[in-house]
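In what follows, a structure is listed as structure tokens, so that the remarks can point back to it.
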Amino acid sequence: GGLGAGGDPLTLGVLHRQSWCGATGLAVPLLTLVSPAFLKIAGVAPSWAVLWLLPWALVDGPASGAIAGLCLGLVLDGLHLGLASEVPVLMLLGWWWGRIGRRGVPIERSYNLGLLALLGALLLGASVLLQLRWSGQWPLLEAGLHTLVAQSLITGLLAPVLCSLILLRWRRIADRRS
């Protein structure tokens, strides 16, 4: 048994049926735009999409995680003008983290959440940099690497606290509803 719904990866969990749970995803673009300065490393904010998507996918499963990644990616892509898209990696991360949540022992140690968030932020940032490279909009290498490393670090550092709290809350909801 997994969290929320059965073991079938194409079955959606229960969080998506709770409109207020899905509405918490609206905080992602807001936090992306107005990220508090004390939560930045060298002026770079965490990947709020990764911090929200990780607990969502772990609880609600791979299909819901991929759909949430798609929705988040589309909204975040609309916030910046450019040829790079966050959609493919966010969908992939949602699917992967949902599979982890369904197949394995529940993620309970906070350092595991930190590592998953760090890897997710690295994949997301590297994907954006590669897309910019392929489109001919390659930023200065130092600036791109600075952003990639700083965002991955702050995301990995915040995940044990933020993702743990969200994960506990959403697991309780999923357990009550299933």
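The values are calculated or read from the model by the stated rules, or taken from the named source; none is laboratory data. Values in this document were obtained by computation on a predicted structure and should not be read as measured data. Cβ atoms come from the backbone with ideal geometry, glycine included; neighbour counts cover every protein chain shown. Ligands, DNA and RNA are stripped out before the accessible areas are found, and what is left, the full protein with its side chains, is counted by its heavy atoms. Shrake-Rupley method; radii C 1.70, N 1.55, O 1.52, S 1.80 Å.
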With every protein chain present, what is the per residue accessible area of the range 82-159 (1.4 Å probe, Å²)? 55
Answer in debye to the nearest 20: the dipole magnitude of the chain about its Cα centre, from +1 Lys/Arg and -1 Asp/Glu charges placed on Cβ, is 480
Gyration tensor (alpha-carbon) shape descriptor, the range 83-154, a/c threshold 1.5: oblate
Span from the the range 49-114 Cα centroid across to the the range 138-152 one, whole angstrom: 22
Distance in nm between pseudo-label sites at D77 and T24 (7 Å out along the Cβ direction from Cα): 2.6
With point charges of +1 on the Cβ of Lys and Arg and -1 on the Cβ of Asp and Glu, referenced to the Cα centre of the chain, which listed residue (V161, P46, L129) lies farthest in the positive direction of the dipole? V161
Tilt of helix 62-79 relative to the longest C-alpha principal axis of the chain, in degrees (0 to 90, nearest 10)? 30
Sequence-distant residues sharing a close amide H with S47 (under 5 Å, placed H): T155
Which percent of the accessible area of the chain is formed by carbon and sulfur heavy atoms (probe 1.4 angstrom)? 68
Computed over the chain: longest principal axis from alpha-carbon atoms vs helix 141-177 long axis, angle to nearest 10 degrees, is 10
Scoring only Lys, Arg, Asp and Glu (+1, +1, -1, -1) among other residues with Cβ under 15 Å from the Cβ of L70 yields -3
Against the longest principal axis of the chain, how steep is helix 87-103, in degrees 0 to 90 to the nearest 10, with axes from Cα atoms? 30
